[in-house]
Amino acid sequence: MWVVLGLQWGDEAKGKFVDYLAGGFDAVVRYQGGANAGHTVIYKGKKVPLHLIPSGIFHPGCTCVIGNGVVLDPEAFVKEIKMLEELGIETKGRVWISDRAHLTLPYHKRKDEEREERRKRKIGTTRRGIGPTYMDKYGRTGIRAGDLFYPEYVKERLSFNVENPDEVFEFILSYRDFLLPYITDAVELLHRFLEEGKRILFEGAQGTMLDVDFGTYPFVTSSNPTAGGVCTGTGIPPTAIEKVIGVAKAYTTRIGEGPLPTEFPPEFEERIREKGDEFGATTGRPRRCGWFDAFQVRYAVKINGVREMVLTKLDVLDGIEIIKIATGYRLDGVELSSFPSSPGTLERVEVIYEEIPGWEGSVKGIKRYEDLPHGAKRYIKRIEELVGARVKWISTGPEREEIIHV
Ligand code: IMP
């Protein structure tokens, strides 16, 4: 059992890495988040954005499971299944939804919009209804995928929970027949795989800094993308997890509002955004960009128990003369010993940078560590020292093959 998760604010290019690994796994499982995620995978030369279905779908032998920790938007699910079938990918019997996963319904999306409009300081949510669905889950008023087997029960619950129960019931009924063949007891399924010695890969969405507990609250998502989320989001015990691989971009990006201490000045940010194609896969919004923050990634490495990591999009830093790495934060002249929890502190910190020379030429498409320019190797080594984890994979381009396994 391996876990692949994000060490920054999401968009670390996890989808590509999961797709790269998935060939060696029998199942890929999503454990949190919903259709707010955007994992882009290149399939037969085409960019395919996935929002709900695990990135293992492009490997025929791979079962894809949407765990109980995920919130499932029926409209987004049906759209994605249809898109995959148009690409010639069979999904029946390969894609499973946990009967314990909560449904994101139109009123959740409306509520997300309304709350976001009313907020004085916006979170910049994806407006996919994520927060309100989790609010209903924890408020014990949610509707779960497995409830679709009992329409009368759904009707009864809706009559208490929403203002327009008939309308919502009609909506749910209109998706029921499509969804039912995909719904299963995923705890049972995953434990059977476990007993049969099958290999399972857990795919995190978003990233550690968007975690509702450990991220830059309240500018976070409403789930736990961190390693603990795997257990609560699937029913797999912590003792079954062998390895947690953290994915970090060679620089930092963040979409939406909230602190980003190493953010670039506007002109340079524009240059990196264009070069790295840093626009949201779900909403198309421009991503904010900044230097690699080793102080922040070290915190994420600790929380997730990461020993091995993937460094992605290294090629975007080609040709930068002097590269900066954040090594710590200072508050009122005093260096902080741990990553602060308060956005108030994060907005006031002074970032401590180390400067290292970049490299000449391009790392684009390089597949062997030996072929990397000296400057790129020096950058990677320094990151390893500062964050306390080994860089085992380096991604040098968007294609599945553009990767170095050190
Ligand atoms: P929500 O998850 O839609 O509620 O949005 C909460 C915050 O998480 C916002 O800042 C979003 O931009 C951010 N976010 C949600 N999903 C992703 C993702 O997949 N990648 C990057 N940021 C995300």
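The values are calculated or read from the model by the stated rules, or taken from the named source; none is laboratory data. None of the values given here were measured: they were computed from a predicted structure. Backbone-built Cβ (ideal geometry, glycine too); neighbour counts: all protein chains shown. To get the accessible areas, we keep the full protein, side chains included, count just its heavy atoms, and leave off ligands, DNA and RNA. Shrake-Rupley method; radii C 1.70, N 1.55, O 1.52, S 1.80 Å.
In table form, for the structure just shown:
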quantity: Relative packing of 293-299, 80-86, 93-99, 194-200, which averages over residues the other C-beta atoms within 10 Å, highest first; calculated: 293-299, 93-99, 80-86, 194-200
quantity: Using a Förster distance of 35 Å, the FRET efficiency for Glu321-Glu242 (Cβ separation, nearest 0.05); calculated: 0.25
quantity: Dipole in debye (nearest 20) - segment 47-101, about Cα centre, beta carbon charges: Lys, Arg +1; Asp, Glu -1; calculated: 100
quantity: Packing-based order for 307-320, 21-34, using average beta carbon neighbours within 10 Å, highest first; calculated: 21-34, 307-320
quantity: P(r), alpha carbons of segment 353-406 - 10 Å bins starting at zero, rounded %; calculated: 24, 53, 22, 1
quantity: Added length on full extension, which subtracts the Cα-Cα distance from 0.36 nm per residue, Glu335 to Glu188; calculated: 48.0 nm
quantity: Calculated FRET value between Met135 and Thr283, using beta carbons and R₀ = 30 Å, to 0.05; calculated: 0.90
quantity: Carbon plus sulfur fraction of accessible area for the chain, probe 1.4 Å, in percent; calculated: 50
quantity: Value of D in µm² per second that Stokes-Einstein yields for segment 223-309, Kirkwood Rh from Cα pairs, at 20 °C (1.002 mPa s); calculated: 145
quantity: Cα convex hull volume per residue for the chain (Å³); calculated: 136
quantity: Peptide ranges 243-251, 262-270, 136-144 listed from the most packed, as the mean C-beta count within 10 angstrom indicates; calculated: 243-251, 136-144, 262-270
quantity: Rough spin-label spacing in nm, given labels placed 7 Å along Cα→Cβ, for Glu399 and Lys46; calculated: 1.9
quantity: Ser362-Ser174 FRET efficiency (beta carbon distance; Förster radius 45 Å; 0.05 resolution); calculated: 0.30
quantity: Sequence-distant residues sharing a close amide H with Ile183 (under 5 Å, placed H); calculated: Ile97
quantity: For the chain, built as a Gaussian network whose Cα springs stay under 10 Å, the top-fluctuating residue of Pro259, Pro238, Pro340; calculated: Pro238
quantity: Cα pair distances of segment 106-178 binned at 5 Å [whole percent]; calculated: 3, 15, 23, 24, 17, 9, 6, 2, 0
quantity: Equivalent ellipsoid semi-axes - Cα gyration tensor, segment 249-405, angstrom; calculated: 25, 19, 15
quantity: Given charges at Cβ of Lys, Arg, Asp, Glu: the chain dipole, positive-most of Gly280, Val349, Asn164; calculated: Val349
quantity: Centroid-to-centroid separation of segment 158-188 and segment 104-148 [C-alpha atoms, Å]; calculated: 16
quantity: For the chain, share of DSSP beta bridges that run antiparallel, in % to the nearest 5; calculated: 40
quantity: The chain, accessible area per residue, ligands and nucleic acids excluded (1.4 Å, Å²); calculated: 42
